[in-house]
1. Measuring from centroid to centroid over Cα atoms, what is the spacing of segment B:1-70 and segment A:221-253 in Å?
2. Less than 23 Å apart at the alpha-carbon level, and either on another chain or at least 8 residues along: which lysines does that give for A:LYS231?
3. What whole-number value in Å² describes the accessible area per residue of the protein assembly as shown for a 1.4 Å probe?
4. With Rg and the Kirkwood Rh both taken from Cα atoms, where does Rg over Rh land for segment B:242-363?
5. Keeping the other protein chains in place, figure out the carbon and sulfur percent of the accessible area of the protein assembly as shown, with a 1.4 Å probe.
6. Compare A:PHE211, A:PHE49 by solvent-accessible area with a 1.4 Å probe and give them largest first, with all protein chains kept in place.
7. How big is the equivalent ellipsoid of segment B:43-133 along its three axes, where each semi-axis is √(5λ) from the Cα gyration tensor, reported in whole Å from largest to smallest?
8. Using all alpha carbons of the protein assembly as shown, what is the percent of pairwise distances in each 20 Å bin, ordered from the shortest bin to the longest?
Amino acid sequence: MAARLSGGGGALTYFLAAAGLIFIVSPLVVVVALSFSEASIATYPPVGFTTAWYQRVIVDDEFRQAFLTSVTLALASTVASFVLGLPAAYALNRWEVPGARTIETILLSPFILPILITGLALLQFMALLRMRDALTNLFIGHVLITLPYLVRTVTASLKQVDRSLEEAALTLGASPWRVFWRVTAPQITPGIAAGCLFAFMVSFDDFPISFWLSNAENMPLPIYLQNSMTKVFDPSIATMSSFTIMTGILAVIGLEKLVGLRRAMSV
Amino acid sequence: MAGSGTATDLALSGLTKVYGTNTAVAGVTLRIGAGEMVALLGPSGCGKTTTLRMIAGLVEPTEGDVLIGGFRVTRIPVHRRNIGMLFQNYALFPHMSVAENVAFGLQMRGLAKAEIRPKVEAALSLVRLGDYADRLPSALSGGQQQRVALARAIVIEPNLLLLDEPLGALDRNLRENMQVEIRQIQKRLGITAVLVTHDQEEALTMADRVVIMRGGKLEQVGTPEQIYSRPASRFVASFIGTSNFLRGNVAGYGGGMLRVSLAAGGQVLVPWPDDGRREVLISVRPEAVALAPLAEGAMPEIGVPATVQQVVYRGQTTHVHMQLADGEPFVAFLPNRVGESAGQSFAAGDKVSASWSPQSNWLVSDA
Ligand SMILES: Nc1ncnc2c1ncn2[C@@H]1O[C@H](COP(=O)(O)OP(=O)(O)OP(=O)(O)O)[C@@H](O)[C@H]1O
Ligand SMILES: [Mg+2]
């Protein structure tokens with residue numbers, strides 16, 4: 001893991017990694033820089049330094065409402081994906097379920113279906129069923145796209161668990177239920193944590209599903225940002241975006257503290 | 001481990017496992033006495049592991065029954081069978097310390113902490129790992145890990161100890177030490193044990209009785225001595241150690257001896273209770289064979305004429321590889337003394353007479 005890469009291949013690897021990092025990080029840096037600009041429109045380079053936008057955004061009720069909606073939605077879909085995804089992945093991998101492969105493919109299908117179309121289809125479907133509560137609809141839509149992340153990571157972790165550990169526990173007198181909690185769960189915790197992080201971020205960041213299912217009262221942050229941007233383009237947009245970035249960073253740090261990022265991402 | 005005086009016997013009755021169209025185990029019936037250690041031995045894929053896992057309850061038999069202590073456990077799940085099992089990869093819980101690993105089975109039985117601690121300590125000192133209680137398994141060598149697994153398996157005072165190639169991942173010297181150690185502990189505690197291995201030396205060293213399996217069936221069951229010196233078939237004779245095979249016809253019977261004239265020329269006497277056979281296949285162990293120079297064209301009175309092909313010095317023994325008149329191979333292991341190689345007097349191309357005592361002859365079935 002700590003082995004250094006050397007030679008031509010090594011140089012290329014470092015170059016690509018650096019290029020990737022620059023392309024991912026520098027736009028984010030621009031956004032954060034803009035959020036401190038004294039100019040009245042969001043143009044680069046930023047002018048001066050002020051925290052005025054932060055003070056304004058923090059007390060903005062609409063922003064707070066959107067942020068809260070997004071966090072609530074992301075937490076709720078993460079929990080729901082965990083509650084549904086863990087047993088589903090476990091059953092598919094440990095029991096002899098007829099048609100297990102088909103079920104797994106269906107559960108993972110949101111990965112490959114275009115999300116924008118999925119959202120539109122959901123909207124029409126929900127209209128048909130007269131499901132009018134936007135928050136519920138958003139929740140269902142988000143679970144649909146976050147569940148695959150849990151199923152995927154838990155499946156990958158379960159495949160890595162040495163089956164003889166579970167068998168040894170069984171022979172030692174542990175019921176299957178206790179085998180899961182005492183032996184399997186500790187082995188797959190990093191995978192579960194990674195899946196939850198993905199699920200949280202996918203929901204928190206989601207635009208295409210929310211685009212169809214939100215309304216004026218229940219507007220997740222990405223939709224709210226997009227709406228605001230079409231009205232004004234002052235640095236408060238950059239400030240709100242910075243809050244999104246920070247939420248992502250906090251989630252990653254939380255995961256690192258909880259189980260160690262390297263372990264979590266090794267699935 | 002004071003209370004492990006309740007040794008239980010094990011019986012398998014018509015035990016069968018079919019996977020799709022492949023019969024992995026075909027009607028195995030076997031009785032294993034209380035406190036006995038039996039080794040299941042056989043080539044890869046003959047159904048050893050499947051049999052062991054059916055005894056454990058990890059694989060559900062297609063047919064047949066497992067009886068522990070006379071009690072039918074076929075439908076009882078693994079975790080209620082009270083079985084200790086060793087796996088080839090040790091299967092220690094990586095997130096638990098050595099002591100926690102050993103305590104696991106006792107916790108599952110609902111014992112109080114105060115009861116668990118002395119038992120864990122006793123089990124760990126039995127496998128000479130008393131000082132390692134707080135280590136994680138990853139900080140132990142392979143041999144130490146398997147000793148922890150042994151402590152973990154016996155601390156629950158199991159009715160049965162099942163071992164699936166427990167020493168397969170260890171190097172040779174360590175393996176021999178562990179064979180002796182596991183065997184001693186098993187005997188001391190009087191646990192009924194089933195060992196799966198494809199290492200014949202391991203089976204002969206550790207087991208009271210050896211079961212040779214072939215294609216899902218039992219080929220022969222016997223003590224190591226019986227299996228080695230009285231193999232039932234050509235398969236067993238060549239699977240355990242090395243054997244020479246001689247075809248012949250019975251030419252006479254007298255004084256409890258068959259006189260067999262060999263297809264390769266020459267004749268031998270075979271002690272045998274009856275003379276019901278005409279064509280026979282004789283198995284002779286190479287270490288029983290003595291060689292003597294033979295004049296060109298001569299025929300030994302007792303023994304078989306052969307032509308030396310290769311002489312290989314092997315330290316304790318010299319292997320003399322020969323060819324018989326009917327083209328079959330024949331080999332003799334001659335003991336060496338320091339400074340004097342037994343094979344010195346023979347060279348490739350020499351005509352020799354190979355002979356051995358009648359007691360070294362054994363008739364086997366040609367299968
Ligand atoms: N889960 C399974 N599904 C299908 N076939 C299986 C399964 N387990 C074992 N088999 C087959 O059953 C036969 C016996 O396998 P088993 O593992 O018992 O052999 P073994 O004697 O332990 O061999 P080895 O010495 O290689 O471990 C083999 O042909 C194997 O391919
Ligand atoms: Mg096996």
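1. So the two Cα centres are separated by 65 Å.
2. Here the lysines satisfying the reach criterion relative to A:LYS231 do not exist.
3. Numbers: 30920 Å² over 634 residues.
I get 49 Å² per residue for the protein assembly as shown.
4. So for segment B:242-363, dividing Rg by the Kirkwood Rh gives 0.99.
5. Of the solvent-accessible surface of the protein assembly as shown, carbon and sulfur hold 59 percent.
6. Final ranking, largest accessible area leading: A:PHE49, A:PHE211.
7. So the equivalent ellipsoid measures 30, 17, 11 Å along its semi-axes.
8. 15, 31, 27, 17, 8, 2, 0
The values are calculated or read from the model by the stated rules, or taken from the named source; none is laboratory data. Source: prediction; values computed, not measured. FYI the Cβ positions are ideal-geometry reconstructions off the backbone, even for glycines, and counts take in every protein chain you see. Keep in mind that these areas ignore ligands, DNA and RNA; they rest on the heavy atoms of the full protein, side chains included. Shrake-Rupley method; radii C 1.70, N 1.55, O 1.52, S 1.80 Å.
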